[in-house]
Amino acid sequence: MEEAAELGNYLPLSFKTPKEQERPADFEKGLIGFARDERALTTATSPFVFSAVNERTILHFFKLIACNNNKINTYAKPVDDRNRSAHPNGHIFFSTQTTLDSKIKEILRVVDEIQTYSRPVIEHVYREFLLQSHDSEEREYPDTKNQIREVLIHVNYLSQKDIDICRVCNLTSLADQSAFDSIAALHEIVKSEYSPDEEGGG
């Protein structure tokens, strides 16, 4: 069951309210090929609304993070397996704890691989956050923990796995910034407050 609980680390730590929703241009471009579902997706008030779209189809959003069709078809296999196991034909695919554990491990492997495709996007978002948030007098929240929680995590739907990428982000490209000491100090706070050993950060 520990493996099943691990899936929670891939889910956002915080969700936007309907009033906070926005539709970035890149997301709207990603709707190409979703004409039938475009209205439901563009008016979604949370990621859970995406359940209105066929699960195999929704996987094509992974093209936004440079996944090709072969990879997407591979990632669809756990969905197909789940659908077969839930079919009313009476077939039981996961009849033992061993087979269930094996399937959970396979799902974790797939989710972790998908996470690697997200890394460049997460690192870019994180570096921009550090650049815009290191000065407590210029940012949205004077309190550092509030700034991290609201502007980095909440706004970007970051999961613990996403934050783990932030925690090990290479800041070499920011080293020539005049405020690099402040940037590095903010980075250290993110690392300490959202260590995998902590529960939900500060």
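The values are calculated or read from the model by the stated rules, or taken from the named source; none is laboratory data. Here the structure is a predicted model, which is why all the values come from computation and not from measurement. Counting neighbours? That spans all protein chains shown, and the Cβs are built from the backbone with ideal geometry, glycine included.
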Under 6 Å between Cβ atoms, at least 6 apart or on separate chains: pull out the pairs that start in segment 140-156 with a residue that is closer than 12 Å to Leu13 by Cβ and end on any residue that is modelled with pLDDT under 95 and of a type in the set (S, T, N, Q). Ile153/Ser14; His154/Ser14
Give me a count of the residues in segment 148-202 that are modelled with pLDDT of 95 or more, closer than 21 Å to Ser136 by Cα and in contact with an Asp or Glu (Cβ under 8 Å, 6 or more places away or on another chain). 6
Of (1) surrounded by fewer than 17 Cβ atoms within 10 Å (Cβ to Cβ); (2) in contact with a helix residue (DSSP H, G or I) (Cβ under 6 Å, 6 or more places away or on another chain); (3) in contact (Cβ under 8 Å) with a residue 60 or more places away in the chain, Lys191 satisfies all except one. Which? (3)
Looking at the structure I just gave you, is Ala179 out of contact with any Phe, Trp or Tyr (no Cβ under 6 Å at 6 or more places or on another chain) and surrounded by 13 or more Cβ atoms within 10 Å (Cβ to Cβ)? yes
Helices (runs of 4 or more DSSP H) wholly inside segment 92-202 containing at least 1 residues that are hydroxyl-bearing (Ser, Thr, Tyr): 97-133, 144-147, 180-193
